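Student: Have a look at this one.
The values are calculated or read from the model by the stated rules, or taken from the named source; none is laboratory data. In this text the structure is predicted, and so the values were computed from the model without any measurement. Cβ placement follows ideal geometry from the backbone for every residue including glycine, while neighbour counts extend to all protein chains displayed. When the accessible area is computed, the model is the full protein with side chains, heavy atoms only, and any ligands, DNA or RNA have been set aside. Shrake-Rupley method; radii C 1.70, N 1.55, O 1.52, S 1.80 Å.
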Amino acid sequence: MDAAAIEQPRNAEDFEYAVQMTRWLLQPLGIWPLKPSSRVALVLRPVSVGVCVFLLAFLLVPCCLHMFLIEKDIGVRLKMIGPLSFCLMNIFKYLAMLAKNATVASCIANMARDWHEVASAEYRRIYLENAKTARLFTTVCALFMYGGGLPYSTILPLTREAIVLGNRTFNHLAYPSYFIFFNPHVRPIYDLVFVTHCLCGFVMYSVTCGVCSIAILCIMHICSQCNVTSAMLQALPSSLDERSCSAIVRHHLRSLRFASKLEEILNEMCIVELLGCTFNICMLGYYFLTEYEQSEMIGTITYSLLLISLTFNIFIFCYIGDLLTENCQSLGGVAYTIDWYGLASVEARSIILIIASTQRPVVLTAGKMVTLSIQSFCNVNRRSKFTPDSLCFFRRCSFDSSNCRWSKLLPRT
């Protein structure tokens, strides 16, 4: 009893270490699936959801009004399409996380149970190694997203040349907006709108990182389960009994059910992420080239960081999908290499079931249409490549391929 009392707190601390980064990202948004421990946090949760929905609507609706009712310049409209599509992506993902909160909570509860049932130091080491990898991926994703997104909302509009109309000067907003009842460019209203837009950006980047973190956390946990199952298979003694075989099969089936539940949670969000990021990579390529052409250093750096961050988002989804398939399939090879042929038929049948189940690959899909893998990432990267000819279409300029340089802008017709 004393040993169990010592083991439980250690496993609880390990579980907290594994989910800490994800909890930090999702809790301020009100979509952390586990029930809050305090009454104050329970009351603040719907308040956080309401504030986030308000901020996303505050960004989307005025921007759409400005784009379709006020702005007539096609170049400015193109500059607005990217941020608006990114906002729509994150609204869908945020609502999907709210709708599937109970299922995500079930997955997190299953993870907590697995951490609690860790029986040996070797299995604990496996879980901790994968948890450390998940934290690393989440940290890099957050650094790229916040590092590229926050300068776009804060620094970039302040470095733009001010708008002069008559004897009045107006500063730029990160997201050009039209408000029916007031002018957002007049101080102190401008300051309030500017700060609100910064908060809107923070919510969008947090949603992107949070969904990515949930996917990373759960898939790395499935990889831990597969590694533990492999260790259990390799540690089987020669005097194998039916009870130990059935325990291994049950552990394997539990990881397969977990993967199936995760696929149900993520497949709609993954297709939105895949299509949206592919489109935005194309648009960011256009923004990057136009800013570079106009010698706008801050804009060039900001768009390049955003381009890297969205590319990394697609890469991490494809990479962890590939990792999931590889780890689940590797169990078949491990099960085949043990001395299963020396077992009695009753015991060997359980091992054969594991080998047979690995013949059907476990995959993470985007909308049940595209398998997320490194090959998919290469396809997306190839199709989202931005060429000089595509910039000519948007900017009405010509590209001299012999000298590899842009000509002057052609006059608008």
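Student: Tell me, in nm to one decimal, what length is gained between ARG39 and ALA12 on full extension, where the rule is 0.36 nm per residue of separation less the Cα-Cα distance? Kindly include the intermediate steps, with their values, before the conclusion.
Tutor: Details: separation 27, 0.36 × 27 = 9.72 nm, distance 2.17 nm.
Length difference between fully extended and current span is 7.5 nm.
Student: Per-residue ellipticity at 222 nm for the chain, helices alone: DSSP H runs ≥ 4 residues times -39500 (n - 2.57), over residue total, nearest 500 deg cm²/dmol?
Tutor: On the way: 12 runs with 302 residues, N = 413.
Calculated mean residue ellipticity at 222 nm is -26000 deg cm²/dmol.
Student: So, one more: Sort 352-364, 214-226, 68-80, 128-140 by the packing proxy (mean of other Cβ within 10 Å over each peptide's residues), most packed first.
Tutor: Packing proxy ranking, top to bottom: 214-226, 128-140, 352-364, 68-80.
Student: Turning to a different aspect of this structure: Using a 1.4 angstrom probe with every protein chain in place, what is the largest-first accessible-area order of HIS116, HIS172, HIS251?
Tutor: Order by accessible area, largest first: HIS116, HIS172, HIS251.
Student: Here is a further query. Can you tell me the orientation of helix 101-116 relative to the chain, as the angle in degrees between its alpha-carbon axis and the longest Cα principal axis, to the nearest 10?
Tutor: With both axes taken from Cα atoms, the answer is about 40 degrees.
Student: From zero up to wherever the largest Cα-Cα distance of the chain sits, split into 10 Å bins and tell me the percent of pairs in each.
Tutor: Percent of Cα pairs in each bin: 4, 19, 26, 21, 14, 9, 5, 2, 0, 0.
Student: Right, here's the next one. Could you state the principal axis extents of the C-alpha atoms in the stretch 37-141, from the largest down, to the nearest angstrom?
Tutor: 66, 33, 20
Student: Moving on. Check THR365: other-chain or 5+ apart residues with amide H under 5 Å from its amide H, H built from backbone geometry?
Tutor: It is LEU372, by chain and number.
Student: How would THR154, THR22 rank on accessible area, largest to smallest, probe 1.4 Å?
Tutor: THR154, THR22
Student: Now for a separate question. Each residue of the stretch 31-42 in turn: what ³J(HN,Hα) in whole Hz from Karplus with 6.51, -1.76, 1.60 and θ = phi - 60°, glycine and Pro shown as x?
Tutor: 10, 5, x, 6, 5, x, 7, 10, 5, 5, 5, 5
Student: Report relative contact order for the chain in percent, whole number only (criteria: Cα-Cα under 8 Å, sequence separation at least 6).
Tutor: 19
Student: What whole number of Å gives the distance from the Cα centroid of the stretch 32-46 to the Cα centroid of the stretch 151-206?
Tutor: Using only Cα atoms, the two centres lie 33 Å from each other.
Student: Further, regarding this structure: Which net charge results when you count Lys and Arg as +1 and Asp and Glu as -1 among the other residues whose beta-carbon is under 14 Å from that of LYS100?
Tutor: So the environment of LYS100 carries a net charge of -1.
Student: Additional query: Using the Karplus curve 6.51 cos²θ - 1.76 cosθ + 1.60 with θ = phi - 60°, what ³J(HN,Hα) values do you get for each residue of the stretch 249-263, in whole Hz, with x for Gly and Pro?
Tutor: Going residue by residue, I get 5, 4, 5, 5, 5, 5, 5, 5, 5, 4, 5, 5, 5, 5, 4 Hz, with x marking Gly and Pro.
Student: A further question on this structure: For the pairs LYS79/LYS368; LYS132/LYS261; LYS35/LYS132; LYS35/LYS93; LYS79/LYS261, flag any whose C-alpha to C-alpha distance is greater than 30 Å. Don't skip to the answer; put the middle values down first.
Tutor: On the way: LYS79/LYS368 32 Å; LYS132/LYS261 23 Å; LYS35/LYS132 24 Å; LYS35/LYS93 21 Å; LYS79/LYS261 38 Å.
Flagged as over cut-off: LYS79/LYS368; LYS79/LYS261.
Student: Could you tell me the calculated FRET efficiency between ASP191 and ARG360, based on Cβ-Cβ distance and R0 = 51 angstrom, to the nearest 0.05?
Tutor: Computed FRET efficiency for ASP191 and ARG360: 0.30.
Student: Any idea which of LEU236, LEU274, PRO184 is furthest toward the positive side of the dipole for the chain, if Lys and Arg beta-carbons carry +1 and Asp and Glu beta-carbons -1?
Tutor: PRO184
Student: Please compute the Kirkwood hydrodynamic radius of the stretch 227-381 from all pairs of different C-alpha atoms, in Å with one decimal.
Tutor: Numbers: mean 1/r = 0.0549 Å⁻¹.
Evaluated over the stretch 227-381, this radius sits at 18.2 Å.
Student: Another question about this same structure. For a label point 7 angstrom out from the Cα of LEU78 toward its Cβ, which stretches of the stretch 247-291 have the backbone nitrogen within less than 13 Å?
Tutor: Counting only backbone N, you get 282-291.
Student: How much accessible surface does SER230 have with a 1.4 Å probe, in Å² rounded to 10?
Tutor: Looks like 20 Å² after rounding.
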